[in-house]
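Scroll down for the structure; my scribbles are underneath it.
A short reminder: the numbers here are calculations on the coordinates, not readings from a lab. Quick caveat: nothing in here was measured; it's all calculated off a predicted structure. Here the Cβ is made from the backbone with ideal geometry for all residues, glycine too, and neighbour counts use every protein chain on show.
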Amino acid sequence: MSAATETALGLTESKGIGARIAKLVIYSGLFVVFAGPLLALLVSSFNHISDPTQLSVVPKTPTLDNFRIAFDHGVLKYLLNSFFVVGFGLLLQVAVSVLAGYALARKVFPLMTVVLVAILATMMLPEEILALPLTLVLGDLPLVHLNLMGTLAGMIVPLGAWAFSILVMTEFMKDVPRELEEAARIDGAGELRIFAQIILPLCKPALGVIGVFGFTMIWDQYLLPLLVATNSDSYTLPLALRTLRIDPVVTPGVVMAASLLALLPSVIVFLLFQRSFARGLTAGALKG
C-alpha cells in the first residue's frame, strides 16, 4: 500500500512506488529542459565542433583550441570592454538610484507624482522606440556638446538611470522608520550624515538586489552597443558574439566558447551576492 501525507496546501501527497517514478520522470524532464542547453554549451565549448547539429552533452575530444581561436578573434578585448562598461555603468547606476530613491522616499517636493509617473513610463517603452532619440542625444550631448558615439562612455551614460533600480530603492527607503531620522537630527546630524550613516546601511539588501539585476541588465546590453559602436575597437562581448556567429571561418565550438565567457560573469556575480539578493527579495516580500 502506498502511504499518503498531507502537504502545506492541504493536498494529499502519495509516497508509493508509482508516485516516486512519476516524480523522477518529471524532475528528469525539467532538468533536461532547463539544464540541458547549459550543459551542452559547457561541453561544446571544449569540443571540436564544425556542425551545429553535433552539439552534445557528452565530452568527446576535450580541447582548449576553441578558446584560443576565440582570443585570436579579439574576444579578450571585447570581454575587457564589457567589464569596463559594466563596472562604471553599474557604479553610476547605483549612485543615481540611491540618491533618487532617497529624494523620492524621504522628501516632499512639487510635481513629485509627475516624476514618479515619468520614471514608470520609461519602463513601458521598448528599447527600439528610444533608439533614434538616444542616437541624436549621444551624437551631441546637451549643454556640453560632446559626441559620445564610438566611445565606451556613450554606452555608460545612458545606463546611469534605470527605473527598476530607482523604484526598488524608493520603496525600500520608504520603510525605514522616520524616528531614526528624527533622532539623528536632534543629535545634530546633517542631511549627508543621515543619508550615509543611517538610511544607506539599512538598505544593504536592496543594494544587493539592484546590484545583481543591474549587472545582468548592463552585461546583456545589445542594442545600445550596436547603436554607439562605430568600429570593432568599442565592441562589447554580446555584440562580438554576433560577428563571430556570422563569420564563415569560425566554427560553432568557438562561438560556444565565447558564449560561455559571456555567461560566466553573470553566474559568478549571482553566486557571490546571492545572500544579499535573497535577503533583499525576502525583506521586500515581508514589507509588502
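For region 68-287, what does the alpha-carbon gyration tensor say about shape, rounded, prolate or oblate, given a ≥ b ≥ c as the root eigenvalues, a/c under 1.5 as rounded, and a/b over b/c as prolate? Provide the component values of the computation, followed by the final result.
Details: a/c = 2.61, a/b = 1.73, b/c = 1.51.
Note, shape of region 68-287 comes out prolate.
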Seminar exercise, completed: For residue 28 and residue 125, extending 7 Å from Cα along the Cα-Cβ vector and measuring point to point gives, in nm, a value of 5.1
Exercise. Taking the Cα-to-Cβ direction at residue 115 and at residue 196 and moving 7 Å from each Cα, how far apart do the two end points lie in nm?
Worked result: 2.2
Problem set entry | Gain on full stretching of the segment that runs from residue 61 to residue 21 - 0.36 nm per residue minus C-alpha separation | 10.9 nm
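Would you kindly calculate the translational diffusion coefficient of region 30-146, applying Stokes-Einstein with the Kirkwood radius from alpha carbon pairs, for 10 °C and a viscosity of 1.306 mPa s, and quote it in µm² s⁻¹ without decimals?
Values: Rh = 19.6 Å.
For the chosen part, D equals 81 µm²/s.
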Exercise. Once Lys and Arg get +1 and Asp and Glu get -1 on their Cβ, which of 222, 29, 16 lies farthest toward the positive end of the dipole of the chain?
Worked result: 16
For this session: Count the lysine pairs in the chain whose Cα atoms sit under 23 Å apart, keeping only pairs 8 or more residues apart in sequence or on different chains.
Result: 7
Seminar exercise, completed: Rounded to the nearest 500, the 222 nm mean residue ellipticity computed for the chain from DSSP H runs (n ≥ 4, each -39500 (n - 2.57)) alone is -21000 deg cm²/dmol
Exercise. Excluding residue 196 itself, what net charge comes from residues whose Cβ is under 14 Å from its Cβ, given Lys and Arg +1 and Asp and Glu -1?
Worked result: +1
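Residue 91 to residue 182: FRET efficiency via 1/(1 + (r/R0)^6), r the Cβ-Cβ distance, R0 30 Å, to the nearest 0.05? Intermediate values should be presented prior to the final figure.
Numbers: r = 31 Å, r/R0 = 1.04.
In this case the efficiency is close to 0.45.
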Exercise. Given charges of +1 on the Cβ of Lys and Arg and -1 on the Cβ of Asp and Glu, with all other atoms neutral, how large is the dipole of region 68-287 about its Cα centre, in debye to the nearest 20?
Worked result: 420
Exercise. Packing-wise, with mean Cβ within 10 Å as the measure, how do 88-96, 146-154 rank, highest first?
Worked result: 88-96, 146-154
Problem set entry | Peptides 28-37, 218-227 ordered by average Cβ neighbours within 10 Å, highest first | 218-227, 28-37
Problem set entry | residue 49 long-range amide H proximity, modeled H, under 5 Å | 253
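Take the Cβ-Cβ distance between residue 136 and residue 242 as r, set R0 to 30 Å, and report the resulting FRET efficiency rounded to the nearest 0.05. Show your work: numbers first, answer last.
Working: r = 24 Å, r/R0 = 0.80.
That pair, residue 136 with residue 242, gives E of 0.80.
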